[in-house]
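Report on the following structure.
The numbers here are math on the coordinates, done by the rules we state, and not lab data. Note that the structure is a prediction, hence the values are computed from the model and not measured. With ideal geometry, Cβ positions are generated from the backbone for all residues, glycine too; neighbour counts draw on all protein chains shown.
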Amino acid sequence: MNIDDLEKEKNEGVETLPSEERRKFLKMGLAVTGVFLGGSALTLTSVQQAQGNRFGDSVVPADGQYPYPKHYSMLMRQNLCIDCEKCVDACRETNHVPEGHGAWRTSIQERETTVNNITTLEFRPVLCNHCNRPPCVRVCPTKATYKDPKTGIVVMNYKKCIGCKTCMAACPYNARYFNHHKYAIDKCNFCIDTRLAEGHKDTACVAACPADVRVFGDLKDTSSRIYNLLHEPENKIWVLRPETGALPNVFYMKA
Amino acid sequence: MANKALSEITGLLNQTQDTRLATPTVNLISVLLLITVVLGLSCGVASFIFGHEAIYNNTREVPWGMLIATYAFWAITSTGLCIYAAISHLFGGTRMGIVSNRMVWMSIVCIIGAFATIGVEIASPHRMIIYNVLSPNPTSNIWWMGTLYGLAVGCMIVEFFGILTGMARIAVILGTAGAIAEVLANSCLGGVFATLPGRPYWYGGQLPIYFLTAAFLSGAAATIFFNWLAYKIRRQEMSEAVHNGLKSAGKAMTLVLVLYTVATFWRLIMYFVGGEELGRIAAAALINGPLSLNFWGLEIGIGLILPLLLIILSRMNNMGMLALAGLLILVGQFVARYDLVVAGLLVPTNLGWDNVPTYLAYVPSKYEFGVIIGSISLVFFGFLMGERVFGTVFDQKEHH
């Protein structure tokens, strides 16, 4: 068809369009906007903005993307850990973690690797990662576990816990346990109800660590040690199991 | 007033009961089953006295085990029975309509078996009753699943009352509502596992459909088995209409058996073409790991291949053979639920550290076995009570 000829044609206007066509057009518009609206309304997480440099290679949340008034995190300077387990003991004492039945809030994992006949022993402290997209919080039927709106810490409301253990199955980090004394699921809460409530600026495990492995602080405070270590360009930062999309707030680096 | 209601109920039950089953043998079996129910479920009740952590072999790393698998098995079977019954009631015309009343009853019985199991698995069910209502979490699959199964059983009980009293309209409406709730609940049950990215063996969109397929399979198998058993205990021949109804169920069972096998095949293949290592190792637990005997022997051999052979040999005509196929499918489905739950948790998340084994050890405790025996007995007791008390209602002459 020739464009020049088409231009000479008289515009038919929309008046002559059959109402069926108009309806079709309107329906298409509704469908398109509906899909977009539905997509955003059905998103299951409330902390979308805290996604960090999701499409880059950094696991550290981008500046200004912390949804909580205080955004508590922990950084492990992993190679400094000597496996003295003072953190484990201090945590157990401070937070009354019972003995037995796999109860612990923080632990130290170890690994021995041999390359070229040289054996290396590594230690890795682990605890709840206080994720920005916490699988445990999403799955809890009674909101017994939730993100504390002031600190972003994943906390427990024991009296609401039905003991279905779905949060234990959901946690990518094995950070949860059944507290047989409380008869509820329990976990690390960055000492929110113990040391932080008493006015301390750090957790029991941080205070007990003789090797200064653990750095705890508020990521929103740009003068904090953790903020600066995480944003130092030379520091290679990683998290555990990033593939799960949980967006953890416990970071690892080599000092 | 109360006396009048009582006499009406007695009058109704006089009409619905099947006196042919008022025999010493049936009574004896009923009492024995009831004793097993009490003993079995006492094992579960013991968890509230001695502590769940003390008597079940679940651990921090393997928080779920055979009890969750059993719950899933009964819940899935209940969904299947409910769907077939609702389709028959709603659309009529299907040959399975002739046995649909019994299917509704068995669907209720199976979901009660599921609730009994999960009731002793959950550490604090009393908190569940309170906070499921006061503090609901709409993003939680567990919340939706529990709520919808609760809704479904409510609908089905009213539906069954409608069936007993001849209020067909109520029965159809509530039956449909119940079936919709059951399908959604089943989907949420799949979602409980499917939406956990930390467990790559479960994670993915296939699982909810897989669970629904399993519901159609278990539902058809249970329909055939329990109807065959209902005629067997009466030492009575099936009418041609019932025979044809069960043939229809047999066709549905065969079709879904093929679909389920295809789904199982692709589900496992996917882990070996890439993706996360934890998922692949979990799948290998079934292929040549600690769950391989369960998988190849019970899930595939007893639960899929042997039933298919029996179906072919029966030519859909030998009801005994078809019922055996149904029973074997139910056994296979039970093991399949166990394998699914356990394989998802068996691979430690800290693999490569702490010298952890590739597969954690989980063997159900004798208490867990006790609960399972209790829940199976409960379903058979429910079946027998249904036949005894409502037998004439199950003996449908024609589809209403």
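Quick check: residue separation of residue A:255 and residue A:211 times 0.36 nm, minus the Cα distance between them. What number comes out in nm?
Values: separation 44, 0.36 × 44 = 15.84 nm, distance 1.10 nm.
Stretched fully, the residue A:255-residue A:211 segment lengthens by 14.7 nm.
What value, in deg cm²/dmol to 500, does the helix sum -39500 (n - 2.57) over DSSP H runs of n ≥ 4 give at 222 nm once divided by the residues of chain A?
Values: 7 runs with 60 residues, N = 255.
One gets -6500 deg cm²/dmol as the mean residue ellipticity at 222 nm.
For region B:112-253, what's the relative contact order in percent, using C-alpha pairs closer than 8 Å and at least 6 residues apart?
Working: 113 pairs, mean separation 22.9, N = 142.
So the answer I get is 16 percent.
Quick check on chain B: helices-only [θ] at 222 nm, where DSSP H runs of length 4 and up contribute -39,500 (n - 2.57) each and the sum goes over total residues. Nearest 500, please. Each step should come with its number before you reach the end.
On the way: 14 runs with 293 residues, N = 400.
When only DSSP H runs of four or more count, the value is -25500 deg cm²/dmol.
Students often get this wrong, so check it: of B:247/B:397; A:70/A:165; A:187/A:254, which have C-alpha atoms separated by over 20 Å? Don't jump to the answer; show the numbers that get you there.
Values: B:247/B:397 17 Å; A:70/A:165 29 Å; A:187/A:254 26 Å.
Violating the 20 Å Cα-Cα cut-off are A:70/A:165; A:187/A:254.
In loop segments of region B:1-90 as defined by DSSP, there are no GluC sites (Glu not before Pro) with at most 12 further C-beta atoms inside 10 Å of their C-beta.
Each of B:218, B:146, B:65 was scored by the projection of its Cα onto the charge dipole of region B:57-364, and the greatest displacement toward the positive side belongs to B:218; charges sit on the C-beta of Lys, Arg, Asp and Glu.
Sorted largest first, the principal axis extents computed over the alpha-carbon atoms of region B:57-364 equal 64, 52, 31 Å. Multiplying the residue separation of residue A:181 and residue A:116 by 0.36 nm and subtracting their alpha-carbon distance yields 18.6 nm.
Where the centre of each part is set by its Cα atoms, how far does region B:241-273 sit from region B:320-385, in angstrom? Using only Cα atoms to place each centre, the spacing works out to 20 Å. Each residue of region B:181-195 was assigned a 3J(HN,Hα) from its phi angle through the Karplus expression (A = 6.51, B = -1.76, C = 1.60, θ = phi - 60°), giving 4, 5, 5, 5, 5, 4, 5, 5, 4, x, x, 3, 8, 5, 9 Hz with x at Gly and Pro. Backbone geometry of region B:243-256 corresponds, through the Karplus equation with coefficients 6.51, -1.76 and 1.60 at θ = phi - 60°, to 3J(HN,Hα) couplings of 4, 5, x, 6, 5, 4, 4, x, 5, 4, 4, 5, 4, 5 Hz, x marking Gly and Pro.
Taking amide H atoms as placed 1.01 Å from N in the peptide plane, the amide H of residue A:177 lies under 5 Å from those of A:186, each 5 or more residues away in sequence or on another chain.
Rounded to whole numbers, the Karplus 3J(HN,Hα) couplings from phi for region B:378-387 are 4, 5, 5, 5, x, 4, 5, 5, x, 5 Hz, using 6.51 cos²θ - 1.76 cosθ + 1.60 with θ = phi - 60°, and x at Gly and Pro. Computing FRET efficiency as 1/(1 + (r/R0)^6) for residue B:48 and residue A:30, where r is the C-beta to C-beta distance and R0 is 51 Å, gives about 0.40.
Taking loop as defined by DSSP and a crowding limit of 11 other beta carbons within 10 Å, which trypsin sites (Lys or Arg not before Pro) in region B:362-397 fit?
Details: sites: B:366, B:388, B:397; in loops: B:397.
Here the sparse-neighbourhood loop sites are B:397.
About its Cα centre, how strong a charge dipole does region B:57-364 have in debye, to the nearest 20, once Lys and Arg get +1 and Asp and Glu get -1 at the Cβ? Intermediate results must be reported in sequence, preceding the final value.
Details: 15 positive and 11 negative charges, 149 e Å.
Here region B:57-364 has a charge dipole of around 720 debye.
Neighbouring Cβ atoms from other chains, within 10 Å of the Cβ of residues in A:139-148, number 6 on average. Return one number: the angle in degrees, 0 to 90 and rounded to the nearest 10, between the long axis of the Cα atoms of helix B:2-16 and the longest principal axis of the Cα atoms of chain B. Result, in degrees: 90. Other protein chain C-beta atoms within 10 Å of residue C-beta, averaged over B:193-206: 4.
Applying 1/(1 + (r/R0)^6) with R0 = 22 Å to the Cβ-Cβ distance of residue B:259 and residue B:309, what FRET efficiency is obtained, to the nearest 0.05? After rounding to 0.05, the efficiency reads 0.80. Amide H contacts under 5 Å for residue A:217: A:73, restricted to partners 5 or more places along the chain or on a different chain, H placed in the peptide plane at 1.01 Å from N.
Can you give me the relative contact order of chain B as a percent, contacts being Cα pairs under 8 Å and 6 or more apart?
Working: 602 pairs, mean separation 122.4, N = 400.
Answer for chain B is 31 percent.
Positive-end ranking of B:364, B:343, B:254 along the dipole of region B:57-364, with charges on Cβ about the Cα centre, is headed by B:254. Close amide H partners of residue A:83, meaning residues 5 or more places away or on another chain with modelled amide H under 5 Å apart, do not exist here. Using only side-chain charges placed at the Cβ, +1 for Lys and Arg and -1 for Asp and Glu, the dipole size of the protein assembly as shown relative to its Cα centre rounds to 1140 debye.
Length gained on full extension, residue A:16 to residue A:89: 18.1 nm, using 0.36 nm per residue less the C-alpha separation. Inter-chain Cβ neighbour count for B:347-356, averaged per residue, equals 4 (cutoff 10 Å, partner chain atoms only). Over region A:132-255, all Cα pairs binned in 5 Å intervals from 0 give whole-percent P(r) values of 2, 10, 17, 21, 20, 16, 9, 4, 1, 0, listed from short to long.
Ranking B:316, A:194, B:16 by Cα position along the charge dipole of the protein assembly as shown, where only Lys, Arg, Asp and Glu carry charges on their C-beta atoms, puts B:16 farthest toward the positive end.
Can you give me the C-alpha center-to-center distance between region B:171-212 and region A:204-255, rounded to a whole angstrom? Cα centroid of region B:171-212 versus Cα centroid of region A:204-255: 39 Å apart.
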